[in-house]
Amino acid sequence: MKISETKCVGCGNCTYACPMGAIYVDPTTRKATVNSDECVECYACYNGLSKEHLPPRTVRFTRRMMSKLWLRFEPDPDICPTDALEPDPLSWPRVVRRAFSDPRVPHESTGVTGRGTEEVKTNEISNRIAVGMVGFTIEFGRPGVGVRFHQIQEMSMALAALGVKIQPKNPVTAMMSDVETGKIRDDILNEKVLSAILEITVPVERTEEIIRTVWAVEKRIDTIVVLGVGTRCDEDGEERVVAPILESLGYTLKRAKTNLGLGRPQIRELARENAEPANQAQESVAA
Amino acid sequence: MTNTLHRYGTAESFKDDYVIFALPAKGGAQTGDPKPALRRFLEIALDYNPVNIGDAIHGGGTRPTEHSHAMEHFARRPTKPDFQRVMDGLGEPTTYSAVFATREDAEAFVQRIVEEDLGLSINISSSIENAQNCCKAAGITRHSVGYSLGFEGIQDNAPNRHVLALSTMCGHGMISQSLAKKMIDMVKENRASPDKVTAALSRFCSCGIFNPVRARRIIEEARKKTF
């Protein structure tokens with residue numbers, strides 16, 4: 001992302017909007033400037049800030065006049081008054097930043113928007129996490145810190161060294177040059193993204209071992225880690241295996257994503273149902 | 001969808017937070033056109049007082065505004081979600097979500113969704129207890145569960161916990177902590193109403209899972225610095 005020097009009036013609203021804190025008002029130019037090494041191309045500023053399309057010269061003049069009266073021209077805090085944010089054309093490897101950071105861009109490897117993984121969300125159809133297995137989503141970078149791929153690689157290599165299976169249908173896995181070792185391709189190791197999710201699946205007995213490994217690695221990497229643990233419920237809808245392990249490790253289970261098991265191999269064909277009365281009507285007219 | 005899962009807060013702070021979403025499975029695992037079923041999901045949601053609805057590509061009921069002439073700078077901007085706009089803009093099959101703020105609405109909606117049997121995968125992202133109550137009310141059992149273990153190293157009583165609670169309400173990280181802090185400060189200084197700042201934060205959420213009712217409550221609590 002870049003900010004047009006001719007349009008920016010230095011109101012500073014985009015500095016607050018940036019989740020990475022990568023925008024600042026340069027004291028020399030008095031214009032908002034993007035620290036491109038820290039910018040993750042999430043487009044939160046471009047997509048999230050409202051636009052007023054005011055002429056920059058008019059705004060600058062108003063700001064100057066008002067400042068003489070000790071007043072400030074203040075657009076609402078979620079507005080860029082002059083439409084000064086301009087997306088940069090992105091090429092490899094920088095384009096990876098946007099793919100992982102802008103939730104509106106679907107990942108090519110999975111076709112899923114957001115962070116690009118289905119986890120247990122469609123488990124009743126995909127059987128991604130089978131009975132007796134546990135799926136870990138290890139997310140890096142949130143809230144508000146970001147992560148570089150070499151930091152993710154520390155975790156992926158540590159887990160791969162334990163012989164665990166790294167989930168193949170996942171955008172981070174698609175960036176690996178060697179899935180067996182968890183090695184990520186060299187040309188993107190220093191790229192920074194807003195967040196990314198590493199996914200593994202292990203037998204339930206290995207739950208504690210994985211969590212202890214995550215604890216050890218996350219202390220070495222300068223980012224935030226958040227863990228999600230997915231599993232199948234029993235026939236009666238209860239989950240009596242994984243929760244006790246997590247609680248014994250000191251976790252208080254508060255929030256969860258619950259799959260209701262309502263997915264079917266055949267999606268209900270509402271279009272056909274809706275079309276039937278119309279067809280019948282046509283037939284009766286013809287008769 | 002880790003973006004609905006990892007919300008910062010105590011279990012009690014999710015009392016008015018039910019994110020329910022529908023999606024088709026990828027990779028040819030299902031047959032049939034998911035688009036009408038996804039639309040139906042949102043149409044049904046509208047009968048049960050949702051506080052937000054949206055899809056993962058176009059966003060939720062409160063979106064950024066675009067002025068067409070300079071005088072609009074002085075006009076009031078909408079703070080209420082526009083659900084009709086969401087419905088009019090639906091297109092690609094992606095994750096569709098509806099957010100509810102009361103137990104009654106969420107449970108009644110889940111009950112209806114079970115009856116409709118759309119064939120889509122339906123998930124509830126909320127406190128474990130809230131989701132279990134919804135299942136019980138609808139007479140179904142849970143298939144799978146994905147626990148959030150929370151942000152490693154960040155405790156429930158962390159400084160700026162209100163900021164974390166607001167900014168993690170967009171799990172894609174589109175709501176910056178600086179903006180959340182600024183919004184709370186503006187309310188504390190009485191320079192803006194909770195409704196106005198809630199709408200401002202909502203506009204950054206790109207898939208309609210932001211819960212404006214919970215946000216308003218957190219902002220009100222932050223005004224007096226209690227949790």
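The values are calculated or read from the model by the stated rules, or taken from the named source; none is laboratory data. Just so we're clear, the structure is a prediction, and the values are computed from it rather than from any experiment. Heads up, the Cβs are rebuilt from the backbone with ideal geometry, glycines too, and the neighbour counts pull from every protein chain shown. Surface accessibility is based on the protein's heavy atoms, side chains included, excluding ligands, DNA and RNA. Shrake-Rupley method; radii C 1.70, N 1.55, O 1.52, S 1.80 Å.
How many residues are at pLDDT below 95 and charged (D, E, K, R) when one looks only at segment A:241-254? Total satisfying the criteria: 1.
Taking residues in segment A:48-69 that are more than 23 Å from B:Gly60 (Cα to Cα), and partners anywhere that are of a type in the set (Lys, Arg), the pairs with Cβ atoms closer than 9 Å and at least 6 places apart or on different chains are A:Pro56/A:Lys7; A:Arg63/A:Arg72; A:Met66/A:Arg72. Screening segment B:40-55 for residues that are touching a Leu at 6+ places or on another chain (Cβ under 7 Å) and among the charged types (D, E, K, R) and picking the one that is farthest from the other protein chains (Cβ to nearest Cβ) gives B:Asp55. Within segment A:114-159, the residues that satisfy the criterion of being modelled with pLDDT of 95 or more, part of a helix (DSSP H, G or I) and small (Gly, Ala, Ser) are A:Ser156, A:Ala158. Tell me, please, whether a residue that is without any contact (Cβ under 8 Å) to a residue 24 or more places away in the chain and surrounded by fewer than 21 Cβ atoms within 10 Å (Cβ to Cβ) can be found in segment A:108-120. Yes, segment A:108-120 contains a residue that is without any contact (Cβ under 8 Å) to a residue 24 or more places away in the chain and surrounded by fewer than 21 Cβ atoms within 10 Å (Cβ to Cβ). Restricting attention to segment A:166-177, the residues that are of a type outside the set (S, T, N, Q) and open to solvent by 60 Å² or more (accessible area, probe 1.4 Å) total 2. Considering only residues in segment B:30-81 that are open to solvent by 70 Å² or more (accessible area, probe 1.4 Å), out of contact with any strand residue (DSSP E or B) (no Cβ under 9 Å at 6 or more places or on another chain) and part of a loop (DSSP other than H, G, I, E, B), the one that is nearest to A:Pro106 (Cα to Cα) turns out to be B:Asp33. Taking into account only those residues within segment A:68-88 that are away from every other protein chain (no Cβ under 13 Å) and open to solvent by 70 Å² or more (accessible area, probe 1.4 Å), which is nearest to the chain's Cα centre (by Cα)? Across segment A:68-88, the extreme among qualifying residues is A:Leu71.
Counting only residues that are in a helix (DSSP H, G or I) and within 8 Å of chain B (Cβ to nearest Cβ), which one in segment A:40-58 is nearest to B:Ser202 (Cα to Cα)? Spell out how you get there, then give the answer.
Step one: list which residues in segment A:40-58 are in a helix (DSSP H, G or I), which gives A:44-48, A:56-58.
In the following step, the residues that additionally are within 8 Å of chain B (Cβ to nearest Cβ) were identified as A:44, A:47-48, A:58.
Details: A:Ala44: 12, A:Asn47: 12, A:Gly48: 9, A:Thr58: 29 Å.
Out of the qualifying residues, it is A:Gly48.
When the residues of segment B:1-29 are narrowed to those that are touching a residue at least 60 places away in the same chain (Cβ under 8 Å) and among the acidic types (Asp, Glu), which ends up least open to solvent (accessible area, probe 1.4 Å)?
B:Asp17
Checking each residue in segment B:1-39 for being farther than 24 Å from B:Phe210 by Cα, at pLDDT 90 or above and more than 7 Å from chain A (Cβ to nearest Cβ) picks out no residue at all. Looking only at residues that are surrounded by 20 or more Cβ atoms within 10 Å (Cβ to Cβ), assigned to a helix (DSSP H, G or I) and touching a Lys or Arg at 6+ places or on another chain (Cβ under 8 Å) in segment B:188-220, which one is nearest to the other protein chains (Cβ to nearest Cβ)? This residue is B:Ala199. For segment A:236-256, the set of residues classified as open to solvent by 70 Å² or more (accessible area, probe 1.4 Å) and more than 7 Å from chain B (Cβ to nearest Cβ) consists of A:Glu238, A:Arg240, A:Val241, A:Glu247, A:Ser248, A:Thr252, listed by residue number.
Scanning segment A:205-222 for residues that are open to solvent by 20 Å² or more (accessible area, probe 1.4 Å), within 13 Å of chain B (Cβ to nearest Cβ) and either touching a residue at least 12 places away in the same chain (Cβ under 8 Å) or of a type in the set (D, E, K, R) (or both) gives A:Glu208, A:Arg212, A:Thr213, A:Ala216, A:Glu218, A:Lys219, A:Arg220, A:Asp222. Restricting the first member to segment A:174-190 and to residues that are farther than 15 Å from A:Phe100 by Cβ, and the second to residues that are polar (S, T, N, Q) and outside any loop (DSSP other than H, G, I, E, B), the beta-carbon pairs closer than 7 Å and six or more apart or on different chains are A:Val179/A:Thr173; A:Gly182/A:Gln153; A:Gly182/A:Ser156; A:Lys183/A:Gln153; A:Lys183/A:Ser177.
Within segment A:183-197, is even one residue open to solvent by less than 60 Å² (accessible area, probe 1.4 Å) and under 17 Å from A:Asn123 (Cβ atoms)? The answer is yes, given that some residue of segment A:183-197 is open to solvent by less than 60 Å² (accessible area, probe 1.4 Å) and under 17 Å from A:Asn123 (Cβ atoms).
For segment A:1-33, the set of residues classified as under 15 Å from A:Tyr46 (Cβ atoms), open to solvent by 30 Å² or more (accessible area, probe 1.4 Å), more than 14 Å from every other protein chain (Cβ to nearest Cβ) and not in a loop (DSSP other than H, G, I, E, B) consists of A:Lys2 only.
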